[in-house]
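Have a look at the structure below before the remarks.
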Amino acid sequence: MINYFTDKMEKCWLCPKEFNSRTDLYNHVISKEHRRQSVYCPWCPTEKTFTRVTDLNKHCNSRHFVEVNCLPKMFLSLNNCFYFAVYPQDYARLIKPQLFESSIAMDARRIMMQWVEKQHFNPALRDNIRKGWKAGLQSRINELENGKEEKENKKRKREAEEVKPSTEVKEIYSNTITNDTKRPKHAFQTK
Ligand SMILES: [Zn+2]
Ligand SMILES: [Zn+2]
């Protein structure tokens with residue numbers, strides 16, 4: 001019987017490599033091969049990026065202590081750092097973005113936009129970040145919908161298989177037929 005749950009590999013969307021777990025894929029995507037989960041520091045006046053959110057946390061806790069102290073702890077969570085992502089669309093592939101309407105997400109976007117304004121006001125950067133947020137959130141919605149559909153299909157497939165007669169029943173049935181047809185006519189008469 002096919003196991004629908006364990007034969008799934010985690011494929012990298014940036015190269016042909018495949019991994020056994022999502023964690024392995026994550027470690028690969030953040031590695032120097034891709035560096036696609038990087039985040040900006042939203043407070044440093046010059047552009048500063050970090051490969052891991054934990055590194056951004058360490059940096060902010062020491063360098064931007066005053067700012068961080070005014071914000072909820074979850075502000076620099078993996079989910080909320082989607083709004084500081086250099087590639088939000090890639091980031092959202094592995095990390096679920098913090099809910100768009102939540103207050104920490106709104107604060108993150110506001111702080112990020114303030115940071116962009118300070119970057120010698122680069123409208124292209126601002127537009128790219130906004131587009132990235134939109135694409136990242138949209139791709140997540142699509143993935144959820146596809147996931148639901150896939151689940152439904154698997155369920156239907158399993159149900160269809162359950163309805164089919166088991167092999168044992170089929171074997172007994174086919175043996176009866178072949179034995180009866182192979183049996184010479186007189187065999188019936190002797191009984
Ligand atoms: Zn790759
Ligand atoms: Zn900084």
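Read-outs: derived from the displayed coordinates by stated rules, not from any lab. Nothing here was measured: the structure is a model prediction, and the numbers come from that model. Counting neighbours? That spans all protein chains shown, and the Cβs are built from the backbone with ideal geometry, glycine included.
A few remarks follow.
- Taking each of Lys96/Lys118; Lys32/Lys118; Lys8/Lys151 in turn, the alpha-carbon distance tops 19 angstrom for Lys96/Lys118; Lys32/Lys118.
- Spin-label pair Ser21/Asn69, simplified geometry with 7 Å Cα→Cβ offset, distance in nm: 3.8
- Fewest-first ranking of Phe75, Phe82, Phe65, using other Cβ atoms within 10 Å as the exposure measure: Phe65, Phe75, Phe82
- Computed extension length for Asn61-Arg156: 29.2 nm, one decimal, from 0.36 nm per residue of separation with the Cα-Cα distance subtracted.
- Per-residue extension of 0.36 nm, minus the Cα-Cα distance of Gln119 and Glu10, leaves a gain of 35.6 nm for this segment.
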